[in-house]
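Before any comments, here is the structure.
Only the coordinates and a few stated rules stand behind these numbers; no lab work does. Small disclaimer: the values here were computed from a predicted structure and weren't measured. Here the Cβ is made from the backbone with ideal geometry for all residues, glycine too, and neighbour counts use every protein chain on show.
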Amino acid sequence: EVGLLMTSELFAATNALLSSPQLRSALSDPSAQAAGKSKLVEAVFGPKLSKETVGLLGKMAQMRWSATRDLALTAEALGVRAAAAASKDIDAVQAELFAVGQIVSSDPQLELALSSTRASVEAKMVLVAKLLNNKATETTSILAGQAVHSRTFKRFAEVLEQYGMWIAEFAGESVANIRASKELSEDQLSRLSSALTKVFGRELQLNVEIDQEIIGGLHITVNGEVLDATVLTKLQNARLQLG
């Protein structure tokens, strides 16, 4: 598929940029001539990637970046969005990414094996393949594979969470990640969803994680931001009872 091809190519470009500080610096240099950057993009990526992807990378190289790493991060984000655009079931992909992230984050040894900079990419890819066990969608498999290479965050599960947020943004959604000390009933989830919808003025996708270290109550982040006292007060005013 065209969308997944661009995803794979953008991820390949991302990894090339991450592995070469010299390339990142050359393409991010604000003092460099645009023509020179275009030639460099063509020389490095032209023989390997499609004209569409090379053209996109060329346009990105013309932009001004506050840090050289931002160019690679943007290519990675665009790759995730291209995957979302190509997916026939975005909800399934989001659910799978969340489920895999929960499995990994709940197993310290597995998390270390997938997040350690000492482990080889090949070994990590084998672990990811075993984890997915040919049961995930093609889109999820590609995203989980890229998460092994990613330097967006130090932890593998955090990378998957970020991918989920990028996909939600593409779909026009917002994500609320909820950590609770025990399972929430359907009624509790419904009331929590209604309260958050009132606070934010839009419906949110709820991802719930059971965390035994949470002593009562909930820990809620929306699109990566922890709810502040004002939002918590509004939730209290909504008389949400989760006990």
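Helix hunt in the chain: which complete DSSP H runs extend at least 30 Å axially by C-alpha with mean Kyte-Doolittle at least 1.6?
Details: long enough: none.
Qualifying helices, which must be both long enough and hydrophobic enough, do not occur.
What number, in percent, do you get for the relative contact order of region 2-86 if the mean sequence gap of Cα pairs under 8 Å and at least 6 apart is divided by its residue count?
Working: 81 pairs, mean separation 44.1, N = 85.
Relative CO of region 2-86 lands at 52 percent.
Could you give the nm distance between label points at Ala67 and Leu40, where each point is 7 Å from its Cα heading toward the beta carbon?
1.9
So between Ala99 and Asp29, what do we pick up on full extension, going 0.36 nm a residue minus the alpha carbon distance? It would help to have the intermediate numbers written out before the result.
Values: separation 70, 0.36 × 70 = 25.20 nm, distance 3.98 nm.
Net length gain for the segment: 21.2 nm.
Sort 183-195, 71-83 for me by packing, meaning the mean count of neighbouring Cβ atoms within 10 Å per residue, highest on top.
71-83, 183-195
For region 122-222, what are Rg and Dmax over the alpha carbons, in angstrom?
Radius of gyration, then largest Cα-Cα span, for region 122-222: 15.8, 46 Å.
Of Lys88/Lys130; Lys130/Lys198; Lys88/Lys182; Lys51/Lys135; Lys39/Lys124; Lys51/Lys130, which sit over 30 Å apart, Cα to Cα? Present the calculation step by step, with values, prior to reporting the outcome.
On the way: Lys88/Lys130 24 Å; Lys130/Lys198 41 Å; Lys88/Lys182 33 Å; Lys51/Lys135 33 Å; Lys39/Lys124 34 Å; Lys51/Lys130 34 Å.
Where the Cα-Cα span goes over 30 Å, the pairs concerned are Lys130/Lys198; Lys88/Lys182; Lys51/Lys135; Lys39/Lys124; Lys51/Lys130.
Report the FRET efficiency, 1/(1 + (r/R0)^6), for Asn134 and His219, where r is their Cβ-Cβ distance and R0 is 25 Å, rounded to 0.05. Walk me through the numbers before you get to the answer.
On the way: r = 34 Å, r/R0 = 1.35.
With a Förster radius of 25 Å, E is 0.15.
Over the chain, what is the mean sequence separation of C-alpha contacts under 8 Å (at least six apart), divided by residue count, expressed as relative contact order in percent? All intermediate terms of the calculation are to be shown ahead of the outcome.
Working: 274 pairs, mean separation 42.2, N = 243.
Taking the mean separation of contacting Cα pairs over the length of the chain, I get 17 percent.
Quick one: grab the alpha carbon gyration tensor of region 130-182, order the square roots of its eigenvalues as a ≥ b ≥ c, and give me rounded if a/c is under 1.5, else prolate or oblate depending on whether a/b is larger than b/c.
Working: a/c = 1.40, a/b = 1.30, b/c = 1.08.
Because its axes are fairly even, with a/c under 1.5, region 130-182 counts as rounded.
In terms of the Cα gyration tensor, with a ≥ b ≥ c the square roots of its eigenvalues, is region 63-120 rounded because a/c is under 1.5, prolate because a/b exceeds b/c, or oblate? Present the calculation step by step, with values, prior to reporting the outcome.
Values: a/c = 3.20, a/b = 1.17, b/c = 2.73.
Oblate, because a/c is 1.5 or more while a/b does not exceed b/c.
As an exercise, use a Förster radius of 25 Å and the Cβ-Cβ distance of Arg151 and Lys48 to find the FRET efficiency, rounded to the nearest 0.05. Let's see the in-between values first.
Values: r = 21 Å, r/R0 = 0.84.
Efficiency computed from Cβ-Cβ geometry: 0.75.
What Kirkwood hydrodynamic radius, in Å, does region 90-170 give when the mean of 1/r is taken over all pairs of distinct Cα atoms and then inverted?
12.4
Provide the gained length on full extension for the span Leu127 to Glu186, in nm with one decimal, where the gain is 0.36 nm per separating residue minus the Cα-Cα distance. Please report the intermediate quantities before stating the final value.
On the way: separation 59, 0.36 × 59 = 21.24 nm, distance 3.37 nm.
Computed gain between Leu127 and Glu186 is 17.9 nm.
So how far apart, in nm, are the two label points at Ala113 and Glu209 if each is 7 Å from Cα heading toward Cβ?
With each label point 7 Å from Cα toward Cβ, the separation is 2.0 nm.
How much length is gained on full extension from Thr197 to Lys59, taking 0.36 nm per residue of separation minus their Cα-Cα distance?
Here the segment from Thr197 to Lys59 would lengthen by 45.9 nm.
For region 104-147, rounded, prolate or oblate, judged on the Cα gyration tensor with a ≥ b ≥ c (square roots of eigenvalues), a/c < 1.5 rounded, else prolate if a/b > b/c?
On the way: a/c = 2.08, a/b = 1.50, b/c = 1.39.
It is prolate, given that a/c is not under 1.5 and a/b is the larger ratio.
Mind listing which chymotrypsin sites (Phe, Trp or Tyr not before Pro) in region 67-163 are in a DSSP loop and have 14 or fewer other Cβ atoms within 10 Å?
Sites meeting the loop and neighbour criteria: Phe153.
At 1.567 mPa s and 4 °C, plugging the Kirkwood radius over alpha-carbon pairs of region 1-56 into Stokes-Einstein gives what diffusion coefficient in µm²/s?
Details: Rh = 11.8 Å.
Stokes-Einstein gives a translational diffusion coefficient of 110 µm²/s.
What label, among (1) 56, 53, 33; (2) 67, 36, 26; (3) 62, 38, 33, belongs to Cα extents along the principal axes in Å computed from the structure on display?
(3)
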